[in-house]
Structure formats: structure tokens, C-alpha cells
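Single-structure report; data block below.
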Amino acid sequence: MAGVSVAAEWQLLYNRYYRKPELYQMEWKQVDLTRNKIACAPFAGPIAAIRDDAKIVHLYAESALRKLRIFTSSGRLTAEAVWRNPGGRLVGMSWTDDLTLACITQDGTVYSYSVHAKLLGTFSLGRECFDNSVVDCLFWGNGVVCITEAFEMLAVPDFKAPRAVKLADCGLEELPHCMAVIEPQYAKSGGVEVLLGIGDHVLLVDEGGIQTLAAGIGPLQKMVLSRKGEFVASFTHDGRLLVMSSDFSKEFIDYTCESALPPDQLAWCGSDAVLLYWEDILLMVGPHDEPVRYIYDEPIILIPECDGVRILSNTTMEFLHRVPDSTVSIFGIGSISPPALLYDALEHFDRRSAKAAENLKLICSSLPEAVESCIDAAGYEFDISLQRTLLRAASYGQAFSSHFRRDSVRELCQMLRVLNAVRDVNIGIPLSLQQYKLLTPSVLINRLINAHKHLLALRLSEYLGLSQEVVIMHWTCTKISASAMIPDATLLQSLLDKLKICKGISYAAVAAHADKSGRRKLASMLVEHEPRSSKQIPLLLSIGEEHSALVKATESGDTDLVYLVMFHIWKKTRPLARDLFIKYARCYKHEFLKDFFLSTGQLQEVAYLLWKESWELAKEPRAKGSSFGPRIKLIEKASNLFAESREHMFESKAAEEHAKLLRIQRELEITTKQAIFLDSSVSDTIRTCIVLGNHRAANKVRAEFKVSDKRWYWLKCFALATIQDWDALEKFSREKRPPIGYRPFVEACVDAGEKAEALKYIPKLSDPSERAEAYAKIGMAKEAADAASQSKDSELLARLRESFSQNARGSSIFDTLRDRLSFQALS
Amino acid sequence: MSQIPNLENAPINLTEIRTRAQTELLNILRDIKGDKCLVIDPKLSGALSLLVQSSELKENGAELRHLTAEPIQTERTKVVFLVRAQPDLMRFICSTIHNDTSKGLHREYYLYFVPRRLVSCENVLAEEKVRELLNIGEFSLYMLPLDEDVLSFELDLTEKECLVEGDETAFWNIAKAIHNLEFSCGVIPNVRAKGKGAARVADILTRMQTEEPVNTSNMGIPLPEINTLVLLDREVDMITPMLTQLTYEGLIDEFLGVKNGAVELDASIMGNQQEGKKAKVPLNSSDKLFRETRDLNFEVVVQVLRQKATSMKQDYTEISTTTQTVSELKDFVKKLNSLPEMTRHINLAQHLTTFTSKSIFAERLDMEQTLVEAQSYDICFDYIEELLCKQEPLEKVLRLLILFSITNSGLPKKHFDYLRRELLISYGPEHINTLDSLEKAGLLRKQDSRGNWLTIKRALQLLVEDTDTTNPNDISYVFSGYAPLSIRLVQHAIRSGWRSLEEILKLLPGPQLETKRGGFSSIPSYDTLPGSLNSSEKLANGRRDLVLVVFVGGVTFAEISALRFLSSQEGMAYDLIIGITKVVNGRTLIETFISDWDK
């Protein structure tokens, strides 16, 4: 059976199987792990190597120049750089979570390198390290703890905020035997906590203080924490491996090794086994029973992962992990569990053997579980053909099982396709399924981009339905930075070809990058393609394309953007113009506007401004008397300006008349000693005169402005009615036959409610229908009806009858409504 | 009764829009911990009252003040300004802050712009050196449901701003509001616009869609909820707002002025004993009786109210004279619950009749009719001349004068100058500015072409004889015989698009535009809809297509009523939602044009 060969490679530890499939034959040549300092990033990240300066240089065999080299997990060299940094010996290096390589030298300088071996920046751990060299350091995810010659401890809690904090002084007199860090995210205190093996006990050190743990446990030679910091594995001076809770209160494993010599490396494999490595031998200790022994004839490095340990040697990369239960149930020797039978059934089916059906019959009740196990097992496989067989077994079983979540095969296939793509030796990211889930697809894509594997990243994003924008954006910026020699037009074309893949991508951001890279022309060509005006315009301004910015802002219809451009232009150029603009904005005075209109030849607008100014002068309380002269002058100036064009003759004359009116009103104020005339209308002036009894003045104003008879009669009638001078009104009616009839007289009296006075004039109305309505207004229904019938206007008659009846009824209706509502009190 | 309207019957989820705005506002307040003084732009307080109860603001530790030129006096150490983005308001804020600093007071200042921050405003703050003292944010209130079928863009946009000063800010805001709506309702596939501002809004909207596409596939909205957007610029129809509205709600606005869905009048009118006090009466569809009567011609409202009162009286007599079963009693009590509503509207209606029963009112309606008929030039001229001589209130005269000018395509040069001079003589020379604004807006101008009003009127059947106001069959009932031009256009736009109307549209101001958007080519545009099979199917599944009608510039209540009437017609395959910048009537519209020299 095929299953046997799979299980043959497993080792049993207590009740679990472990296996260590080979991921890669390393592509590198002549890399000796013992002669180099090596930093391997978790989650199948890159490997950094640099010659260990503590070792003697083999002249002739290797270059005297030290080189920092970066490899993929498959051992392919991706970048190298000569190490010339001062600062003494390299004490340690490690990859941070976002894949920058942090290197610490003796003087406490931290050099950050990208995956392309480019120096990104440096920072110092501080004076203490400079004075007393760093002797040892210990990295974790995103931070580091250092210890100096003076036994001071410093920590960088997070490389993203490069700042060193001093940990509490624990009065050491010698270097600790061993050191372990509880990461801030798992520490009780929320800060960095360091475990130190000192003498026969352990110290817990953090920023605030020191705590002694595990007194009398005996000197610990090596110590390592499990991934989440809940357990600690340690190697004692007398050759025992202890696994305890990280506060040393509980002991889980106490295993005596054959050698009291501390191992070179101590590491957790998942969370239930511990690996100890001495030269030639790798020991895996589980909770019970005999440990597993692996023999290595070349040096190895243990790289802990969340679900196992990768083992790097000079020639291979292996992945040691526990065999998942589903795989055991299928491939376990002699297994007759449903998944194994299903797998077997597929083999029979392939061989066209009828046993396939028998197998299926045997497991029909647990078919869904069997299918699930096959899918699950496929996920753990690195071997593509085995993945395929397992998935085929699953879908074979699925065909006979009705209740099954059909998506799960598709989802797993999707993940496996992604994993197989990145596991390819050319890419060299041998992620396991769990690691991938923990890392998340978007981080994986970011890592690919970071490694400049843009095409794969793009394909994967497309395949996974993630936004391609990140990829394209990074590619474009990288392309611009890398294409200093390519002419703008050519480069633009190749950029646009890719940018158009992604709808809604920010061309402005690309253009900003081009501008930063010193390619302003390219930037302005790119920003043309930005559809969002709110992003396009600020950039156009920053690259000095004010004119085009103004055009675009106007087109966008967003007035805020227009203002943005205008303010920018004003700020940037002509300080005088700017000042004027500010003045305009501040005081809203006309000066600026006036200049503007003058310069554009809109004389009438200037005239309006002058006129308005004259009007405002009158409103200034302190200048009441003295402002008169200037006001007239302004209005006359306005009049002249209007007169410049034929279309504004009316306005010109109106201004002239205004000036005339002002003069007359001023005269009236002086003669009457009453300040009630200025700034009223012609009509109001006349009325005021009449009300004051100054008929001569009224007549004079009337003549000056050639007031029509119509206006004159209406005005005078109402003015006299206001002062209730009924005699004068009657006299006025007798002066001569009123040219517009007696209606003004009637209305003036009716409005004032003087029925008797009105009756003097109503009979004089010539039009019977007018007469009818007038009678109606003062409520004389009979007379109204008479007049109406005289007019022989049936429509009018009907309307009057309607209005009378409606009025009476209308009001009575509402009275009754109210009465009916009075029972509201009941409720 | 609350002023916040009930939105449950809205054809799209308006509650969500309002809730979003409410949450945003309350989050702003909650994020600023502790007690604070909330200083509100007075122009916003109406909008806020449609959004949250002031008690709710107080619960969040806010003490309320209005922003005025006077520095704010408060004990609180945190001051939150909530203002429209207007440079002149920035001065007020500066003066408060300067006043505090001069007294050595240190407070935390927060400034929230509605709906968004503007460079021009921030510049003022920077010049006054208070920019750094302020924490600036935005309260992106672009749109607010006014009622279950009315959305307001909360813009204090005046016709003057658009027509005379050429400020386009409002157009962008309207487009933004519609675009925001599209994010929850999908891209509106058919857009029809008429008039300069409307076309500009359509234009900006298209641009926004390319800049920030509403992604239909990802949001999981298979089909747009709104089928058609009709954008209509007020400039296209300045006739309608000049006429006196005759619907119930329209009349209330004409005589009493409706503000943010409520009318304020003397408490005595509402049958309240406290003399001199003001009573605020909310007017929205949460009031069932108002919902029933608001869109009716006022004549009919009086009848309806009378009927209801009579039937109630009958019930009452029955109850007191004959023995009733318990369930009958229950019904009666139920009816009694509507009593407060009845009383309220009877009071209001009675108050309105004091205006409508005057002969001057009938005379005015007559004249409006004559002007719109445009057959008797001399009668109109004499009437307006007489009004000028009698110095009737300016906005009343202007309403007729504008009607006169538009229906005649401008006035002959001689009369144009004559009436303008008469106007200056009556109301004072400063009104040269009023005349200038009106002329620039095209509302009062010199005749330069042959009149086309008669053609428009005939083609669109604007004057309808024998209108039955009780059982109307046409929108003309809202003006007792005149069908509002604007709504006729909407009617055509919905029914068949602009194509059939092209010749007439050319006679009206501004460009027209008809576009399809968002790759919905597969969706039929229902170009020829009414009576087609499609419409009955739609009705069968209980949901009708939606049309969003947006008025760029103000709209009158009568027009809203006419649209509601259209929507309620049986053969109609659409529900209508109305988007407005603000509600206007002839008076409020004209007031913005009247000379601002005094201010």
C-alpha cells in the first residue's frame, strides 16, 4: 500500500508522530553555517548571513571583505552588500516582523537593512552602550534586549519607534548564564520582561524592578520560552531538561540527558516538544517516554515556527512538525479508519477494482468525516502530488455524500495553489498552511512586493480577490526609482500600461513619488491622468503647475478647490497683489473690487460700487452732516461712469435724479428743521410734505420730478387720509375734475374705514361695476346690487352675491364648528 | 408632537440617512469628553431640530448657544462651534477666541464645519492667528429628510447667488449629496436635467462617479433603487413661484411662513389663552389630518374640515341619545383622539380665511391669471403702474412685475424704463441695486425677441379651463387652473424624457441634458412607459420605480403638492422623491434680490 511509504518516515514521540520533510536542497554553494552569523526570519522569510568576525579568516579560501548576503529560504542569493560599518564587532542581527534586518554592533548602533541589503537607517541605543560595549543581545519579533559590559540592560520595545529604554538595574557582577524574553504582548506587566539565569536562580527584570523566581533551581545553562510565553524550557547545569510554566511554579517535564554539556541550541517545536541540539545530534523531548534522536553530520540551525521548527543545514531546509491527526488516520500503518478506507477506495477506483465500492459501503455512515479528513490532510502536505491524491479522494467521497460543505474543497484548493506558488524554489517561501493563515494573505502579498516579486503578487491578489492597487502602486514607484535612465515619455507609457489595470488607483500618489524622485516632468504627465480633482490639484500646485491647477479646479465645480488654487497663487506670487487680496477679504471694501472692474472695463460695476459707497456714507452715524458733499460727489461720479456706455443711460439718469433728490431733501431739512427727509423716496418726500401741511414744497417736488397725475392723486389722497384731513380731501376733489377719476378718493376713505366720507365719492365713480364693488366693500349690499345690475355685468353680479353669501356663511360656519367642538371638555 | 418627522413610509430608507447624521453629530459630542458649550450657527438650528431633540444634546453635556457677532459668554472650558463654512462666520469665532485670550481665559476650542471644511474659511482663521487654537473637524451633513418624500440639501442657496453672483459652491454640494445617496441606493441610470445649474450638477455628478465610483458589483446592490434623476433649475420656471399658491400648505407659507416644517403664530389664534405668546405648530406627515389635507386646494380643505366636524357632531348626538355597544363606543373614542388635530387645523384654516376672504385677494388672483394668460397687455400694465403709485409692498409689486416681464419676454424699452423709474420714485433710489440684480438674473428685462410664452403655454397646456379642485385630474388644481410649468416639465421628463419636448425646451432658459450612466445599458429606460405592460407588473410586485426630482434653487409647497399628486395617480408607474435646496415662495425668493445696501 502506498500509505506505508508515507508513514515510514515518521517518528513516534510518546503518542504522537513527527516528520521532517525536506523543503529544499539549498541553492547556495559554500555557505558554512559555522563560519557565519545567520539570521533567519520566521514565517519562511529570508536568511541573512555575514561572516562571523569572531572566527579566524581563511585567507585565500574566502574574501577578506565582509559581505552581508541575503538569501531566500531556498538558499537563492537575492542581494548582497559589503559590510563596512564602524562600531566594532557585530553582536547580533535579526529580522523584525516587517522584514527589516536589525544589526547591533558593539557600540550600540542599530543598522537597519532592507531585504535588498540596502541600509535604511541607523539609530543608537544610547550613551551607556557607547561607553560600555554591548556584549550580548536577544531579539524577539519586533524588539531586542541588550546587555553591556557594565551589566546594564537596555531594551528596544518596538523597532517601529526606535527608542531604547533602560531596564531596572539588577546589580549583576557577572554575565548571566542565559537569558529569555517575555514579549510585551504576552507579559503581565505589559512591558518587556527578561528572565535571567543567574547563580542558582532566575531573575525577572523589567523597566520597573526585579523579582527573583525559582530560587534554588540550580544554575540554568540555557533557557527558551514557548511561542506565547506560557512555558519555559531550560537546561540545568547537571544535564536535565526542565519544562515549566513561565513563572516557574509548575513543572511539566524533567528529563535527564546523557550529557551535562549544555546544548548549542534549544528550541520549541510547536508547543508540545522541545529540541536540543549538540553537534551531530538533535534530540526531541516530549512529555513522556523516550525522546527521538536525529543524527546530523553537518551543522544545523533551528528556526522555530508556530507549528514546528525549520531545520537549516548547509545543504538542506527541512520542516520538523507533528504529523496531523488526519494524516495519521489515513497513512497510519494498518489504519482502517474511514479516511484511510476512503483513500484506499480511490486507489481501487483508479485501478477499476470493485473493492472501491466495498470500501465505500463500509464507511458510508462516516463518509463526511472521511472526506473532511482527506481535505484536512491535503492542507498539511508539501508534496503536490500527494495533495492532489488526497483531494481527489475527498472529491471522490464527496460524490457519495450529500450533506457536505462543498466550498471547503474549493477554499483549500485556493490556499494550496497560493502556497504551492510561493513554495516554488524560485520564490523560496515554504509556508505551511497554519503559518499562512496566521500571516494572512495580505501580509504575504506585501512580503512578495517587498521582495520585488510584483508579478506573482499581482496574480495572487487577483486570484484571491484582494485589491491590486497596493501591488501596482509599489511596482510603479519602484519602477520610477529604478528607471533613472529611461526617458519620461517611454517610462510614462510603461507605467500607464500597468496603472490602468487598477481602477481608482491614485495617479496623484504616483506623480508625487515621481516628483520626489526628481522627475517633475514625469510627475506632471502622470497627474494629468488623476481623475480625482481633490488629489490632482494640490499636486499640480506643488509641482508648480498653477495654471493647469486653476483650469482643473474650475472644471471640477468644487469651489473650495478654486479657492485653494487662488490662495496658493496669491501666496506664492506678487506680495502686493496678495496684500490687496487679503485686504479685500478682510474689510470687504470696494477698493480692490473697483480696481478689478476698472481693469476689466466694467465701468458700470464701478459705478454701482461708488453709488453703494455713497449710500453707506449716510449710514455712518458720526458723519451724518459732513458726509453730504462727498455723497453727492460719489453719485455724480457714478452717473458719469454710467454715461460712458449707451446701455446705461437709464442708470446714469437715475443717479442724476438721486443727486437732485438729495439736494432737495437737504434743503427741506434745513427749512423745516426736521431731519426726516434724507434718503427717502420721491413719493415719501412728497407725502411727508403733505403730512406736514407744506403743500407748496410738495408741489415743488412734484414738478421737479415730473410726477404723473396718477401718482399725484393716489399719493395726495392717501396722505390726506393719513392725517384725516377730510376737508382738504374734499377740497382736493373739487380743485378740478380728477384726471384719473374718483377711485383714489374712495379707496383712501374705505381703507381708513370712513364710510360717510367714502359715500361722498362713490356716486361719482363713472363705471357702475367699480361703484358696485365700492359699495360692496363698505358692506352696502343693496346699493352694490343696484350698481351691478346697472352695469349689466352678470358675472360681477354673481361674484358679489357669492362674496356676500360666502362671507356671512363662511364666518357662521366656523362659529358653529367651534360650538360643536366645545364637547372637548368631555374627553 | 415632535418636529422630527416620522419616515417609516418613505420609498427609500430615509431613516438610515437620518440616523447616520444623528450618530455622526452625537459622536462628535461624545468624543469631546465632559461638559461643553455648543455654539450653533443660527441658520443650522432649524436643520438640527429636524435631527435631534435639544434635550439629547444636553444629555451629552452640551449647553446650547447661537453664534452671533457678540463673543460667547460661558463657564464651560470646552467650546464647540458647529457652523456652515462661511467666511463671515469665521470672524465671529475669531472674536470669541480673541475676547477669551484678552481676558486670559484658556479654553479648548473645537470647530466643526457643515458639511465640509473650506480653504477660504481656514484662511481667515489663519490670518487671525487662531487656526492653531482650534481642533477642526467636519459634520458632513449634505442631506436631511424633511419628510417621508422630501430630502433637503440644507443649502441656504439663493437664486441671487446662482443667477447674479455666479457662485457654484451649492451645485457641488448638491451633486455630492446625490452621489452620497448613490452609495446606498446604487448609481441612478437615467439623468435628465434642464437649466444651467441643473446641467452643472449633472456634470459634476458624472465627474464624481469617475473620481469615486460607486462600485455596484462589490456592494452587492444588483439594481439601482432609483431609476431616474430629474434635475430642474429654478431659472427654467420663475413664473410658478411668483403666483400665489392655493394649496393648504402653500397658503400657510404664503401668509404665515413655514420654517423647517413648522409654523409660528400667536398662541391666541390656536385657541390658547395666553395672549401675546407664540405657538409653534409642526407641519409634517406625522400629523394624519395634515397629511390628508396639505396638498389639497384650500377651498377643498375647508369642505373636508367641515365634513369631519359634522360627522363628529353626528356621532356625538348618537352617543348621547341612543344606547351603543362597547365596540361602537370604542370607535367613537378613537375618533376623539383625532380631536386635537381637528382643532388645530380648524383654527389654522379659519385664520387663513381672514386673508383669503378679502376682495383684494380675489383681485390679485384675477390679475395673476390675466398675466399668465398674457392676452391683455394694457390691463396688466395699468394695474402694475397703479400698484407702484399706491406704493404697495415692494415684493408684492415685484412678483407681478416679474410675471409681466417673463410672460412678455421682457418689456418694450419705453415701458421698461418707465416702470423702473416709477419704482425708484416710489421705493427710493437705492433700489437701483434691486433692479440691477433682477436684470442680471433675467427676471426683469428689456424685450429683445418675440414672445414665446404663448407657445410654451399652449404646448404644455399650462392653463386648464374648468379645473375641478375637489376631484382633480390634473396638477393645475394647485393654482386653480394653472399647471405649474416646472411640474409639467417633470411630468414629461418622467414620461418620455426630453426628446419629445425638444422644441419647447429650447424656448426655456438654460441647456438641457439627458444621459445614461453607470453601464446600465441593459436596463430599459422605460422611455415609453405609462400604460405599458411593464408598469402593471411593477405595481403587482408592490414596488414602483423611483424617480428623484431635484430642484436646484428653491421650490414651492404647491409644486411639491403637485408632484405628490402626480405620484398618487393611478396610471403612474413611479414613486417620486423630491430633493430640494430649500422651500421658497414668491416673497422669500424676491427678498434675496432686494437691495442689500442697507445691510
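The values are calculated or read from the model by the stated rules, or taken from the named source; none is laboratory data. What you are looking at is a predicted structure, and each value in this text was computed from that prediction instead of being measured. As a convention, Cβ positions derive from the backbone with ideal geometry for all residues, glycine included, and neighbour counts pool all protein chains shown. Just the protein is used for accessible areas: all its heavy atoms, side chains included, with ligands, DNA and RNA removed. Shrake-Rupley method; radii C 1.70, N 1.55, O 1.52, S 1.80 Å.
Grouping the Cα pair distances of the protein assembly as shown into 10 Å bins from zero gives a pair-distance distribution of 1, 6, 10, 13, 14, 13, 11, 9, 7, 6, 4, 3, 1, 0, 0 percent in increasing distance order. Take the Cα of B:Lys277, step 7 Å toward its Cβ, do the same at B:Glu16, and the gap between the two points is 4.3 nm. 3J(HN,Hα) couplings calculated from phi for segment A:185-199 with the Karplus curve 6.51 cos²θ - 1.76 cosθ + 1.60 (θ = phi - 60°) are, in sequence order, 5, 9, 7, 5, 6, x, x, 6, 10, 10, 9, 10, x, 10, x Hz; Gly and Pro show x. One equal scatterer on each Cα of segment A:3-107, no solvent, Debye formula: the resulting log10 I(q)/I(0) at q = 0.14, 0.20, 0.22 Å⁻¹ is -0.67, -1.06, -1.22. Between the Cα long axis of helix A:407-423 and the first principal axis of chain A there is an angle of about 70°, rounded to the nearest 10. These residues, B:Thr321, A:Thr212, B:Thr581, go from largest to smallest accessible area, 1.4 Å probe, as B:Thr321, A:Thr212, B:Thr581. Taking θ as phi - 60° and the Karplus parameters 6.51, -1.76 and 1.60, the scalar couplings of segment B:557-564 work out to 4, 4, 5, 4, 4, 4, 5, 4 Hz in sequence order, x denoting glycine and proline.
Working from label points 7 Å from Cα in the Cα-to-Cβ sense, the A:Glu462 to A:Ile670 distance is 9.2 nm.
Counting only protein heavy atoms and using a 1.4 Å probe, the accessible area of B:Lys440 comes to about 90 Å². Among the listed pairs A:Lys498/A:Lys552; B:Lys196/B:Lys506; A:Lys500/B:Lys516; B:Lys194/B:Lys440; A:Lys612/B:Lys582; A:Lys612/A:Lys637, a Cα-Cα separation exceeding 18 Å is found for A:Lys498/A:Lys552; A:Lys500/B:Lys516; B:Lys194/B:Lys440; A:Lys612/B:Lys582. Express the carbon and sulfur contribution to the solvent-accessible surface of the protein assembly as shown as a percent, rounded to the nearest whole number, probe 1.4 angstrom. On the protein assembly as shown, the fraction of accessible area on carbon and sulfur atoms equals 52 percent. Shown for chain A is the translational diffusion coefficient from the Stokes-Einstein equation, using the Kirkwood radius over Cα pairs, a temperature of 37 °C and a viscosity of 0.692 mPa s: 87 µm²/s. With respect to chain A, whose longest principal axis is taken over its alpha-carbon atoms, helix A:695-704 is tilted by about 60°. The candidates B:Met572, B:Met342, arranged from most to least accessible area with a 1.4 Å probe in the full protein assembly, appear as B:Met572, B:Met342. The solvent-accessible area of B:Tyr418, taken with every protein chain present and a 1.4 Å probe, is close to 70 Å². Full extension of the chain between A:Asp725 and A:Ser645 yields a length gain of 24.0 nm, computed as 0.36 nm times the residue separation minus the alpha carbon distance. Here is the list for segment B:1-110: GluC sites (Glu not before Pro) lying in DSSP coil, each with at most 16 other C-beta atoms within 10 angstrom of its C-beta, are B:Glu8, B:Glu75.
Among the residues of A:557-569, the average count of other protein chain beta-carbon atoms within 10 Å of the residue beta-carbon is 6. Peptide packing: for A:245-257, B:173-185, the average count of neighbouring Cβ atoms within 10 Å per residue gives the ranking B:173-185, A:245-257, highest mean first. I need the Debye-formula profile for segment A:383-520: one equal scatterer per C-alpha, no solvent, reported as log10 I(q)/I(0) at q = 0.13, 0.17 1/Å, two decimals. Calculated log10 I(q)/I(0) at the listed q: -0.68, -0.95. FRET efficiency for the B:Glu299 to B:Thr23 pair, using the beta carbon distance and R₀ = 41 Å, is estimated at 0.40.
When the alpha carbon gyration tensor of segment A:306-367 is reduced to an equivalent ellipsoid, its three semi-axes come out at 34, 14, 7 angstrom, largest first. When both segment A:228-288 and segment B:308-375 are represented by their alpha-carbon centers, they are found 94 Å apart.
Taking label points 7 Å from Cα along the Cα-to-Cβ direction, B:Asp331 and A:Arg388 give a separation of 8.1 nm.
Debye-formula intensities of segment A:656-708, expressed as log10 I(q)/I(0) at q = 0.12, 0.25, 0.29, 0.30 Å⁻¹, are -0.20, -0.96, -1.31, -1.40 (one equal scatterer per alpha-carbon, no solvent). D by Stokes-Einstein for segment A:291-446, Kirkwood Rh over Cα pairs, 10 °C, 1.306 mPa s: 93 µm²/s. Put simply, the Cα atoms of segment A:628-751 extend 48, 35, 23 Å along their principal axes, the longest span coming first. Accessible area per residue was computed with a 1.4 Å probe on protein heavy atoms; A:Ser133 scores about 30 Å².
Stokes-Einstein at 37 °C, 0.692 mPa s, Kirkwood radius from Cα pairs: D for segment B:354-506 in µm² s⁻¹?
In µm²/s, the coefficient is 193.
Each of A:Met93, A:Met566 has its accessible area taken with a 1.4 Å probe; listed largest first, they run A:Met566, A:Met93.
Note on A:Ala756/B:Glu465: beta-carbon distance plugged into 1/(1 + (r/R0)^6) with R0 of 35 Å gives a FRET efficiency of 0.20.
In this calculation the C-beta distance from A:Cys306 to A:Leu617 is compared with R0 = 56 Å, giving a FRET efficiency of 0.10.
Highest mean packing first, where packing is the average number of other Cβ atoms within 10 Å per residue, the peptides B:462-471, A:648-657, B:31-40 line up as A:648-657, B:31-40, B:462-471. Peptide A:527-536 is shielded by partner chain Cβ atoms: per residue, an average of 2 of them sit within 10 Å of its Cβ. In this structure, the amide hydrogen of B:Val549, modeled 1.01 Å from its nitrogen in the peptide plane, lies closer than 5 angstrom to those of B:Val230, B:Ile577, B:Ile578, B:Gly579, counting only residues at least 5 positions away or on a different chain. Fully extending the segment from A:Trp278 to A:Leu120 would add 53.2 nm, taking 0.36 nm per residue of separation and subtracting the current Cα-Cα distance.
Counting only DSSP beta bridges whose two residues both lie in the protein assembly as shown, roughly 70 percent are antiparallel. If you take the alpha carbon atoms of segment A:613-683 and fit the smallest convex hull around them, that volume is 80 Å³ per residue. Rounded to the nearest 10 degrees, what's the angle between the helix A:441-450 long axis and the longest principal axis of chain A, both from Cα atoms, 0 to 90? Approximately 80 degrees, to the nearest 10. Across peptide B:429-441, the average count of Cβ atoms from other chains found within 10 Å of a residue's Cβ is 4. Its residue count N fixes a reference of 2.2 N^0.38 Å for segment A:82-167, and the Cα radius of gyration divided by that reference is 0.98. Residue-wise HN-Hα couplings along segment A:678-684, as the Karplus relation 6.51 cos²θ - 1.76 cosθ + 1.60 with θ = phi - 60° gives them from phi, are 3, 6, 9, 7, 4, 4, 5 Hz; Gly and Pro carry x.
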